[in-house]
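Have a look at the structure below, then the notes.
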Amino acid sequence: MERPAWAPQGIDISVPSVSRIYDFYLGGSHNFEVDRAAARRAMEFMPGLPKIMQANRAFMRRAVNYAVAEGITQFLDIGSGIPTFGNVHEVARKASPEARVLYVDHDPVAVAHSRAVLDGDTQADVVAADLRRPREILDSPEAKLLDLERPVALLLVAVLHFLTDEDEPWQAVAELRDALVPGSLLVVTHASFEGIPLPAEQAGGTVGVYRDIRNPLVMRSREEVGRFFDGYTMVEPGLVSMPDWRPDGPVDQEDPYAFSGFAGVGRKA
């Protein structure tokens, strides 16, 4: 397999990547056939996966605009993935030119692309680190971009469901919460069997595809997802499906798959 110029040296391009699969769902071009093949297998069980990802991005944009409207201009986006149109820094700066964004990902492709996109940008940066080790993020030189003495919007969008219970995701989120000042926001989306317009047994086939590529997809209940907001006060309308979180217009024409899983925003007291 020929290595394209955008693929960093040292990565195994014969192994599917969650970031590149997500890029494929969103119609991006930074993915390989091995990623597309895995995505197609997952879509055999859940044909609406691209619709779920589009709803995820739309929610993220609304949450970022909400944060800016609340006076927050600092964003910590963990599990940010491969840059696509409408990134956090683009959305935030449209609302507030002084917005600062620190992207975090452990995928070398996502980090390399982010660095290329952000080259010369003094108000945004990227750090190669893992959500499972919050201190790596908080103690990184790049983290100096953010003033942790002021409120920050912490974005954990479509990432927590790739951490198993053994990874202690609730502990990692709590450690990040404790590093933020009151008034900070937590923005989360999470996969779940709840809301998917097909039997859980069929949706489980998609979970199996991710397990086969050694990136377990953990479908959690509303109660389990709600635990990530311990120490936060939920912003109305609470923990809901992605289209139902402060929609820009009527949601009755949304694709049924868009209502899969949960989205929510919490404010640290």
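Please tell me if D125 is modelled with pLDDT of 95 or more, in a strand (DSSP E or B) and not hydroxyl-bearing (S, T, Y). Yes; evaluated as a whole, the condition is true for this residue. In the condition set (1) over 18 Å from the mean Cα position of the chain (by Cα); (2) within 21 Å of R267 (Cβ to Cβ); (3) open to solvent by 20 Å² or more (accessible area, probe 1.4 Å), K144 is compliant with all but (2).
Evaluated against (1) exposed (fewer than 15 other Cβ atoms within 10 Å of the Cβ); (2) polar (S, T, N, Q); (3) modelled with pLDDT of 90 or more, Q74 falls short on exactly one condition, (1).
Here L131 clears all of (1) open to solvent by 80 Å² or more (accessible area, probe 1.4 Å); (2) part of a loop (DSSP other than H, G, I, E, B) except the condition numbered (1).
What are the residues in the range 70-83 that are β-branched (V, I, T) and over 14 Å from L118 (Cβ atoms), if any? Break it down into steps so the answer makes sense when it comes.
Of the range 70-83, the ones β-branched (V, I, T) are 72-73, 78, 82.
The answer is I72, T73, I78.
Considering (1) open to solvent by 20 Å² or more (accessible area, probe 1.4 Å); (2) out of contact with any His (no Cβ under 8 Å at 6 or more places or on another chain); (3) touching a residue at least 40 places away in the same chain (Cβ under 8 Å), the lone condition that A153 does not fulfil carries the number (1). Checked against (1) crowded, with 18+ Cβ neighbours inside 10 Å; (2) over 27 Å from H113 (Cβ atoms); (3) in contact with a Pro (Cβ under 8 Å, 6 or more places away or on another chain), M219 passes all but a single condition, namely (3).
What is the residue count in the range 255-269 for residues that are open to solvent by 70 Å² or more (accessible area, probe 1.4 Å) and at pLDDT 95 or above? Matching residues across the range 255-269 total 2. The single condition among (1) hydroxyl-bearing (S, T, Y); (2) open to solvent by 10 Å² or more (accessible area, probe 1.4 Å); (3) more than 13 Å from the chain's Cα centre (by Cα) that S80 does not meet is (3).
For the range 82-101, check the following and say yes or no: at least one residue is part of a helix (DSSP H, G or I), more than 25 Å from Y25 (Cβ to Cβ) and either in contact with a strand residue (DSSP E or B) (Cβ under 8 Å, 6 or more places away or on another chain) or charged (D, E, K, R) (or both). Don't jump to the end; show me each part of the working.
Our first condition is that a residue be part of a helix (DSSP H, G or I); within the range 82-101, this holds for 88-95.
The next check asks that each one be more than 25 Å from Y25 (Cβ to Cβ); those that pass are 93, 95.
Within this subset, residues satisfying the condition of being either in contact with a strand residue (DSSP E or B) (Cβ under 8 Å, 6 or more places away or on another chain) or charged (D, E, K, R) (or both) are 93.
Yes, there is a match, as at least one residue in the range 82-101 is part of a helix (DSSP H, G or I), more than 25 Å from Y25 (Cβ to Cβ) and either in contact with a strand residue (DSSP E or B) (Cβ under 8 Å, 6 or more places away or on another chain) or charged (D, E, K, R) (or both).
A92 meets each of the listed conditions (1) among the aliphatic types (A, V, I, L, M); (2) open to solvent by 70 Å² or more (accessible area, probe 1.4 Å); (3) closer than 18 Å to L186 by Cα apart from (2). Any residue at all in the range 180-197 that is closer than 26 Å to R41 by Cβ, open to solvent by less than 50 Å² (accessible area, probe 1.4 Å) and among the aliphatic types (A, V, I, L, M)? So far as the range 180-197 goes, yes, one or more of its residues are closer than 26 Å to R41 by Cβ, open to solvent by less than 50 Å² (accessible area, probe 1.4 Å) and among the aliphatic types (A, V, I, L, M). Here M234, M242 are screened, and the one residue that is surrounded by fewer than 21 Cβ atoms within 10 Å (Cβ to Cβ), touching a strand residue (DSSP E or B) at 6+ places or on another chain (Cβ under 6 Å) and not polar (S, T, N, Q) is M234.
The values are calculated or read from the model by the stated rules, or taken from the named source; none is laboratory data. Just so it is clear, the structure is predicted and the values come from calculations on it, not from any experiment. All Cβ positions, glycine included, derive from the backbone under ideal geometry; neighbour counts span all protein chains shown. Please note that ligands, DNA and RNA were not included when accessible areas were found on the heavy atoms of the full protein model with its side chains. Shrake-Rupley method; radii C 1.70, N 1.55, O 1.52, S 1.80 Å.
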